[in-house]
Structures are given as C-alpha cells and as structure tokens.
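Written below as structure tokens is the structure these notes are about.
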Amino acid sequence: MPQRASRAEVGLGPVAGWVDRRLPVVSLFRREFVDYRVPGNLNWLWHVGGWIMLSLAALIASGVFLALAYVDDPSLAWDSVRAIELRVPWGWLLRSVHQGGATLLFGCLYLHVWKSFRYGSFKAPRELVWLTGTALLPACLAAAFLGYLLPWGQNSYWGAAIAARAAGDLPLVGGGLSRLLLGGDSVGAPVLHRAFVCHLLLGAGLLGLVALHVAALHVAGPNNPTGRALPAGETIAFHPDHTGHAVLPAIGFLAVGAGLVLFLPGWLGAHLNAFPADPAHTPAGIAPEWYLLPFYAVVRAVPGAAGVLLALGLVAVLFALPWLDRSPVRASRGRRWMGARDAGLAIAFGGLVVSGASPASPAWLAVARVAAFAWFALLLVATPVLSARESRANAA
Amino acid sequence: MTAARVAVAVGLAGCVWGGGVAGGARASDWGFAGPFGRFEPDALGRGFAGFRHDCAGCHGLGRLSYRDLVGAGLDPEGVRGLVRRDGAGSADAAVGGLDGRAAAAPLLVDALPPRADAADATVSFLVRGHDGVAVGRAEARDVVTFLAALARPHLGERHRLGVQALAFLGMLALTIAAARRWARRRGTGVRP
C-alpha cells in the first residue's frame, strides 16, 4: 500500500524534529510503536498483555486519587475509606475501579503466564522477556496484599497477623523479616504505615518493570502461535495494522471491566473486610482475595516453614522455566504430552484457588497438597523429561 | 476479526450473567437487587428513622455524618430538615448514636453485600427480635434497606453509569467495525 510505505519518509514537523534531533524520543516511539513489525497470525491471547497495561493504568490513576483521601493511621483508616465511599466526589467509583482493576490485572496476568507455557514464549531468545515478566508477578502480588491491608478491616488486620506469622516461620531470616514487616512485635500502626508506603512504591516500581519487560520484548520480537520465526512477508506494522486488530478486543475487555466495576462491585471481595479491624476478636473464615488464594491454600495445607517456602516456590520455580525446558520447539500445539502438561498446570492452579476458597476440611487440604505437588511435578520433572525426550527424538 | 467478535460476545455475556448474579437467582422484590436496582429515598428515610428509634440504643453508625446520608441515597432536602430538627448546626456533624460499631456487626454481617437473600435473612432476624426489641416487617424492611444503602452507597448512580458505559462501548465497537468494513471495501483497511 503506497500511502503506508511513504509514512516512514514523511519528515517530522518543526517542533517534533527540533526535539528529536536533541532527544530522539519521537523517532524511538515511531520505530517501536508505529513501524515495528509484529507477526500477522497472533491470536487473542496476545492481546492480554495490552489488557494488563490497561488494568495497571486504571489502578495507578485511581490509586493516586485514593491516596489523596486515605489516612494511614489505624484509628482513622477505616473512617477515611468510608469517607471515600460516601463523601469524596466520585470516591465510590475510584475505589471500585481500584478493586475491580486488581481482579482484572491478576486474571490477565495468570492468563498471560499460561500463554507463555502454551506457546513457549519463555524460550531463547526471550529469556529476559520471561524473567522480567515473572518478576512482575511477585511485585504485583505484594502490592495487592499490602493494598488489602489499607482499609484496616477485619481481613486486613488478621491477614497482616497471618502473614507476619508465616514470615516468622521462615528459617534464618524469619524473625528479622517479621519484625521488618510489623515494625514491632505485634500488628499495629507501624505495619499500616509501612504497607501504605510500600504499596505506593511498588505501584510506581511496577511501571519500571513493565518498561524493562516491553523493552526486552521489542529486542527479541513477539513470539507467535506457531512458535517458529515468521518470514518478513508474514509480519504487519504495529500501527495501524496490529493496533487495528487489538481495538475491538480491547473494547470487549473494557466492557467486562465496566460490568465488574459498575454492576458487580465487591462481587469477588471478601465479606469480612466490611468490618473494622478488631484486635480482640478473631473472625472465623479469614481468606484473602481470590488472586492470593493459591498461596494461601498452600500455607494452610502444609504447616510451618515448609508451607511458606512451597507457597513462595509456586512463583519462584517459574524463573527456572527457560532452563527446565530446553526443547527448541516452542509451541505445545501438536505435542500431545506438552498439551497435557499445559492443561495439568491450569487444573492444578484452579485446584489451589478452589481449595483456598473452601473451608479447611481434610478433603480440601488434601486437594491443595495434591494440586501443589502437581504444579511442582509438572514444571520440575515432567517439563525437563518431555523436552529431553523430544530433543532426542528430533536428533534421531 | 473472529477474536474480536469472541471478545465482544464474551464481554456482553459476562455483563448479562453478572447482572443475573447480582440480581440473585431467588426472585425477591427488593428494589436494590439486580443490575438496575436502586434504593428508594423514601424507604431510606423511613429506615434511618427506624434505625434511630429501635436500634441506635445499642448500635452506632461510627462517624457517619448527615452529609453521608445523602451519599447513601437519602433525599437531600429531607436530610437538611433532619439537620435543622436535630439542631446539629452543619451537615458535617455526626448523626450520633452510640459508637457501637462492633455491636452492630452481627446485624450488618447479613446485610453486606446487599443481596436479596442476605436482606431477607436480616428482615427475619429483626422481626424475630433480639435484646427485647422486635419490629414489624415493614419497618424491618426499611431498616435493612437503609443498612444495605450504607454498605453500597451511590447504587443508583453506579448502575446508571454502568448502562451508559456499556452503551457507549457497544456503539464505539459497532462504529469501528462498520468503519473497518467500509475501509476494507475501498481497499484501504488494515491488513488482515
């Protein structure tokens, strides 16, 4: 298309040109987000990364305004959140966007990770894309947990107590880590202040990690559903071709978000945080938000330090994935056993979420143990064995 | 294009399904249940009066101010009348009552979140009576409506905005889809 080909030759305007000769941000943007070539065969799972950015933007934008009205003091925090709901103009909407945004962010993050399992997006040359992205996961989880403490409801208070106890269970670093979190020996004002400061710091820090993740992606180029490098003829321009494909799915995503925020606020929210923190009364049935349930399920099902280490290990093991799976074939499509592994990982993850949401009966604790075992076995044993077997078969 | 259609269809289906969940499968005549639910200002006013008369002896509302009652959906003119009648001076004054937030917890636990089944259970609880206080069914319904409005303020505004947002996104999607079809016919569309 001739008008497309001439785009790159069009000079920048006087102002943009003046800026670009001194600081080439305009040409950088044009190179990376206009002329940049992406595969033309991407399916809808490749839009999820963009949806994560939308969720993160909504979280940061709403979070800045919430922070202006929030007071990080145990005697005032609860009332300041009530004031946000009742008195601050549009405060109810900001808070719902912030809560719903977290659900959307984690839904997309978990899907994004699974897409990488499915299409081998973590393999060479994209190891750093994977490592920066995997680092985003614990950062988001920590930010979400700390943010959940801020309303200082029953779940916040007792969640902090459980987390401090779990941290205290860790060998060697436990005692120090627990005191660092609490700022003392018990849950009180220092932990709330620390949670607020660290929540804001992590929120801003996430932007830096996302920038690294996108930069690494743009060096290696996006993977595609075939898992093989595409010839130049099968790529399209980032803008307007790829963005053109992304716009309707993005509108669908925003519709889901609007439905969640405006028709189902607090749908997935834990009931108990509707009550102010009461140190004298331990409520029955404390549970975190759904996106923390897998980790909660493991801590609950495996007592002591082992449970805490295993919960941390659920994410930590992901960092090793590029070196666990050495098969040069990326996508699982057409590989029966790798496909079964992908399904198994999704089922194990779902099992942990459901177990964490269920009462701590022996049956549900057993489900959590089996699911955690499956997660580690599939990643640490099945993945290297399958990939080594495939590599041998390919060499033969 | 297939992916786009699937995404839009999933989005719309999710909203319809979600609306059904919010409405509660068990049919109820609570005005605030369901995707288009709203709190009726008159019921809220009666519920607040009932709360003060029969509940505030033991249960407080924290630092709730008269202005907060407007946020919960009470008629602003009626709230101004309350401020005058109580001699509170300003709408930012606390509505008073005991600061018994923890004591109110058993009552509120069933009213939150404002779902039809939780509301029905709370009405039964109030009608059965406790601590020597039992109220009629009509008053119990009004009090529960008032508590539910405190749990989910701005509900009518929220649902109105939800309808507007989904209508806007739907029209935007249709416009973009039509523009793309038109551009493709002229041979200037984005590459498939």
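Any read-out appearing in this document is the output of simple, stated calculations on the displayed coordinates, not a laboratory observation. Not measured: the values here are computed from a predicted model. FYI the Cβ positions are ideal-geometry reconstructions off the backbone, even for glycines, and counts take in every protein chain you see.
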Check every DSSP H run in chain A and write down those whose alpha carbon atoms cover 15 angstrom or more along the long axis and whose mean Kyte-Doolittle hydropathy is 0.0 or greater. A:48-69, A:91-119, A:127-149, A:189-220, A:243-263, A:304-316, A:336-357, A:362-377
Peptides ranked, highest mean first, by Cβ atoms within 10 Å: ranges B:181-187, A:154-160, B:63-69: A:154-160, B:63-69, B:181-187
Just to verify a number: FRET efficiency for A:V385 and B:C58, C-beta to C-beta distance, R0 = 56 Å, to 0.05? 0.30
List the relative contact order of region A:129-277 as a percent without decimals, with contacts defined as Cα pairs under 8 Å and 6+ residues apart. 38 percent
Can you compute the FRET efficiency between A:V15 and A:I60 using 1/(1 + (r/R0)^6), with r the Cβ-Cβ distance and R0 = 35 Å? Round to the nearest 0.05. 0.80
Neighbouring partner chain Cβ atoms per residue of A:274-280, average, 10 Å criterion: 3
Compare the peptides A:389-395, B:153-159, A:356-362 by average per-residue count of other Cβ atoms within 10 angstrom and give them in order, highest first. B:153-159, A:356-362, A:389-395
Between A:S186, A:S27, A:S121, which gets the highest mean-square fluctuation from a Gaussian network model of chain A, Cα cutoff 10 Å? A:S27
Only counting other Cβ atoms within 10 Å, I'd like A:I84, A:I162 sorted with the fewest neighbours first. A:I162, A:I84
Output for chain A (equivalent-ellipsoid semi-axes, sqrt of 5λ from the C-alpha gyration tensor, Å, descending) is 38, 30, 18
Roughly how many Å is it from the Cα centre of region A:108-181 to that of region A:281-335, as a whole number? 10 Å
Stretched fully, the stretch from B:L161 through B:A88 gains (0.36 nm per residue minus C-alpha distance, one decimal, in nm) 22.9 nm
Can you list the residues of region A:15-40 with backbone N under 14 Å from a point 7 Å past the Cα of A:A232, pointing along Cα to Cβ? A:36-38
Where does the charge balance sit around B:E40 when Lys and Arg score +1, Asp and Glu -1, over other residues with C-beta under 13 Å from its C-beta? -1
Partner shielding of B:151-159, taken as the mean number of other chain Cβ atoms within 10 Å, equals 4
Quick calc, B:V127 & A:T282: beta-carbon distance into FRET formula, R0 41 Å, rounding 0.05, result 0.85
Extended-chain gain in nm, criterion 0.36 nm per residue less alpha-carbon gap, A:L309 and A:R31: 95.7 nm
Counting other chain Cβ atoms within 10 Å of each Cβ in A:77-85 and taking the mean gives 3
Between the modelled labels at A:N394 and B:R186 (7 Å from Cα along Cα→Cβ) the distance in nm is 4.7 nm
Average Cα contact separation per residue, chain A, under 8 Å, 6 or more apart, as relative contact order %: 22 percent
Ordered by packing density, taken as the mean number of other Cβ atoms within 10 Å over each peptide's residues, highest first, how do A:138-150, A:53-65 rank? A:138-150, A:53-65
Put in order of increasing Cβ neighbours within 10 Å, starting from the fewest, B:E77, A:E85 give B:E77, A:E85
DSSP loop (so not H, G, I, E, B), at most 16 other Cβ within 10 Å: list which trypsin sites (Lys or Arg not before Pro) in region A:173-243 pass both filters. A:R228
